[in-house]
Amino acid sequence: MELIEPTLQMWLTFAVVVGAIIAYSNDRIPLELSSITTVALLLFIFHVLPVTDADMGTKIGTKDLLMGFADPALITILSLLVVGQGLLQTGALNGPASILVDFGGRFPKATVVACLIIVMIVSAFLNNTPVVVMFIPILATLADKLGKKTATVMMPLSFVAILGGNMTIIGSSTNLLAIGAFENAGGASLGFFDFTIPGAFLALVGLIYVIFIAPKLLIDREGLAGKLAGSGGKQFLFQLELSPSDDMVGEHAVSGMFPGLKDVTVRMIERGQTRLLPPYDDITLEAGDVILVAATRNVMTELLNASPDLVASAEGSEEDFEAANKRRVIAEAVVAPASRLDSRTLAQSGFRADTGCTVLGVQRRSRMIRASISQLRIEAGDVLLVMGSRANVLALRNNRDVLLMESSASDMQMQAYAKRAQAIFCGVVGTAATGILPITVAALVGATMMLLTRCLNVRQAGRAIDRRVFTIVGASLALGTAMQGTGGASWIAHVVVDVLSGAPIWALLSGFFLMVALLTNVLSNNATAVLFTPIAVSIAAQLNIDAMPFLLAVIFGANCSFATPMSYQTNLLVMAPGHYRFNDFLRVGTPLIFIIWAAFTLFVPWYYNLL
């Protein structure tokens, strides 16, 4: 096999690749800055030192290096992030997640594991990108309801989808590209389940790592984000008023607890002029009861989403909240010293009339409160949980009576639009999975429909588009173009094959797999599959053995896209929901690559009698 002569452009490309990986691994350097710098360096290098072909035409031009920013895969990912945001803003998957929680409430870990196994199996038969899109909001909601960290389920979700793609010829686009290149090189046609057994073995080994080890290596950065958004463990006092149509009317206390009021502490029940205090034995809730409860903001937001009329205005008025089709924001505000609210009830202060915001709850740390919130006299330092339109809530920045905690502001779910979001989501997944529309078209149409049907607004859609994903995809595809255009990838392949030329067949196969697995995290997995399949056929021909094991080394190795977020679409999809950084994939994904390599080395040579 003739070794390609290295060039200056090739060495400079290698230097940029190494520098990019180091920069991505440094948490002090923003990913966006690393990506843009990488692209700028490549543009400068190939402008000053152009790579030309036999006809003296430029092989790597500016357009080639920037093409990644318009890549269909990138458009697909960004569009799917918008679709997922639409599901989140409407609470469209709260119902399915609640069913899963109720079904697996006694075995929460088993429920999450079952979801991961389902994803792995389904990914063997469907494009794994829509499968992951389907389960991101489900697992996120499920993790929240079960008290698990979202970070512990997002990366495992992506990894099991990739592992599931190893089991059939249609498991991923990588498989199809490699098989196509194999047939073009003179190889035999493959059957649907020809490599299911070795693929399933590798998937099972990887699944064990993903379930038992990966979650322990992940860092929960969502916890910090949650605290900044006011969703920690702080408890507010809320006032609930039961109307005759409420489902909780008629509920009987069981061991002092009411089944419809989970995760809350009932402080007092007002029934007419009577105040009922705990413990609650032989108490049945009645229409007209006013219930004073202590609960976290998350719990009460969920209750408010499910029953908008249940949480009573703290002003004690009969005014309705904003109509169900109006977008509402919930935030926290601290009562300022010398505020006009001090020593007054909310009704006396006219807070709602002045600000257009409704006070849902009050937090006071100094002492236990056993009075209805409508009768509570506000004190300086109290924290008010307020709800209103975004404009009215943000206008509190100029209010001298309260200090708005802007980082705590979050949008309320638009439950009225949940069915619309569900229909759009099913349409995207269904048309993409059945091949009626290409996934890029289906995703972009779905994102557009989310906006047109008001499931989310432009601001929310813009917030869903992660600029880290945009820049890192563009930079990684530019690196792949440079590696291929300069011959760098082929040069590395030839060097490794030459070094291992005198080794036993199983060792050569193992080394070839590891090389492909490592390079697929720098190049795109599809480019790796196309590039190395002809090399695999050539090696097998020189050794005079069946090419199938070396083809599997390309397929399984190219699917080891675990160590970088840009190496596979599903990694980029879970990056934002899991609050991951580049180092998270490097720390968790790299061991998985070597575990799969060890499993491949032990199983495939034995399975094909190459020992």
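Run the quick spin-label model on Leu611 and Phe594: label points 7 Å from Cα toward the beta carbon, then report their separation in nm to one decimal.
Each label point is offset 7 Å from its Cα along the Cβ direction, giving 2.3 nm.
When you have a sec, figure out the Kirkwood radius of segment 152-291 from all distinct Cα pair distances and drop it here in Å to one decimal?
Answer for segment 152-291: a Kirkwood hydrodynamic radius of 20.9 Å.
Just to check I understand the Karplus step: with θ = phi - 60° and J = 6.51 cos²θ - 1.76 cosθ + 1.60, what whole-Hz values come out for segment 452-461, glycine and proline as x?
5, 8, 6, 5, 7, 9, 4, 4, 5, 5
With each label point set 7 Å from Cα along the Cα-Cβ vector, what nm distance links Arg327 and Lys216?
Label-label distance for Arg327 and Lys216, simple model: 4.4 nm.
Determine the share of the chain's accessible area contributed by carbon and sulfur atoms, expressed in whole percent, with a 1.4 angstrom probe.
62
Give me, ordered by chain and number, the residues 5 or more places off Met257 or on other chains with an amide H under 5 Å from its own placed amide H.
The answer is none.
Can you tell me the equivalent ellipsoid semi-axes for segment 5-53? Use √(5λ) from the Cα gyration tensor, largest first, whole Å.
That gives 24, 12, 5 Å for the three semi-axes.
With every protein chain left in place, what is the accessible area of Asp194 in Å² (1.4 Å probe, nearest 10)?
Asp194 exposes around 80 Å² with every protein chain in place.
Cross-chain or 8 or more residues apart, Cα under 13 Å: how many lysine pairs in the chain fit that? Count them up, please.
Pairs that pass both the separation and distance tests number 6.
Find which of His579, Ala295, Gly164 sits farthest along the positive direction of the dipole of the chain, computed with +1 on the beta-carbon of Lys and Arg, -1 on that of Asp and Glu, about the Cα centre.
With unit charges placed on the Cβ atoms, the residue in question is Ala295.
Within the P(r) computed for segment 440-599, what percentage of the Cα pairs occupies the region above 19 Å?
Percent of Cα pairs beyond 19 Å in segment 440-599: 61.
Divide by every residue of the chain the summed helix terms, -39500 (n - 2.57) for each DSSP H run of at least 4, and state the resulting mean residue ellipticity at 222 nm, rounded to the nearest 500 deg cm²/dmol.
Mean residue ellipticity at 222 nm (helix-derived): -17000 deg cm²/dmol.
Give me the net charge for the shell around Pro50: Cβ to Cβ below 12 angstrom, other residues only, Lys and Arg +1, Asp and Glu -1.
Summing Lys/Arg as +1 and Asp/Glu as -1 gives -1.
Which FRET efficiency value, to the nearest 0.05, do you get for Met257 and Lys234 by plugging their Cβ-Cβ distance into 1/(1 + (r/R0)^6) with R0 = 25 Å?
0.70
For segment 516-577, list log₁₀ I(q)/I(0) at each q in 0.14, 0.19 Å⁻¹, using the Debye formula over Cα point scatterers of equal strength and ignoring solvent, two decimals each.
After summing over all Cα pairs, the log10 values are -0.42, -0.65.
Give, in nm to one decimal, the length gained when the segment between Asn583 and Gln348 is fully stretched (0.36 nm per residue of separation minus the Cα-Cα distance).
79.2 nm
Report Met268's accessible area, 1.4 Å probe, all protein chains in place, as a number in Å² to the nearest 10.
Roll a 1.4 Å probe over it and Met268 shows about 0 Å².
Which of the peptides 296-302, 508-514, 332-338 is most tightly packed, and how do the rest follow, judged by the mean count of other Cβ atoms within 10 Å per residue?
Order by mean packing, descending: 508-514, 296-302, 332-338.
Taking Cα atoms, how many degrees apart are the long axis of helix 505-519 and the longest axis of the chain, rounded to 10 and kept between 0 and 90?
Computed tilt is about 50 degrees.
May I ask you to rank His47, His252 by accessible area, largest first, using a 1.4 Å probe over the protein chains only?
His47, His252
Would you kindly calculate the mean projected area, averaged across all directions, of the convex hull enclosing the Cα atoms of the chain, in square nanometres?
Taking a quarter of the hull surface, the average projection is 31.2 nm².
R0 = 60 Å: FRET efficiency of Phe69 with Gln542, Cβ-based, nearest 0.05?
For Phe69 and Gln542, the calculated efficiency is 0.90.
When all C-alpha to C-alpha distances in segment 382-534 are sorted into bins of 5 Å, what percent of pairs does each bin hold, rounded to whole numbers?
With 5 Å bins starting at 0, P(r) equals 1, 7, 11, 10, 10, 10, 9, 9, 8, 7, 6, 5, 3, 2, 1, 0, 0.
With axes computed from alpha carbons, what is the tilt in degrees of helix 467-485 against the longest principal axis of the chain, rounded to the nearest 10 within 0 to 90?
It is inclined by approximately 0 degrees.
Quick one: if you stick a label point 7 Å off each Cα along the C-beta vector at Phe193 and Asp281, how many nm between them?
With each label point 7 Å from Cα toward Cβ, the separation is 6.2 nm.
Counting other C-beta atoms within 10 Å, and keeping those with at most 14, which DSSP coil trypsin sites (Lys or Arg not before Pro) do you find in segment 373-470?
Listed in order of number, the matching sites are Arg377, Arg400.
Report, to the nearest 10°, how far helix 173-184 tilts away from the longest principal axis of the Cα atoms in the chain, using its own Cα long axis and a range of 0 to 90°.
Roughly 20 degrees between the two axes.
Using a/c under 1.5 as the rounded threshold, could you call segment 339-439 rounded, prolate or oblate? The axes a ≥ b ≥ c are square roots of the C-alpha gyration tensor eigenvalues, and prolate needs a/b larger than b/c, oblate otherwise.
prolate
HN-Hα J couplings of segment 434-449 from phi, Karplus 6.51/-1.76/1.60, θ = phi - 60°, integer Hz, Gly and Pro as x?
8, x, 4, 10, x, 4, 5, 5, 4, 5, 5, 4, x, 4, 5, 5
The values are calculated or read from the model by the stated rules, or taken from the named source; none is laboratory data. In this text, all values refer to a predicted model and were calculated from it rather than measured experimentally. In this analysis, Cβ positions are derived from the backbone assuming ideal geometry, glycine residues included, and neighbour counts consider all displayed protein chains. Side chains included, ligands, DNA and RNA excluded: accessible areas come from the protein's heavy atoms. Shrake-Rupley method; radii C 1.70, N 1.55, O 1.52, S 1.80 Å.
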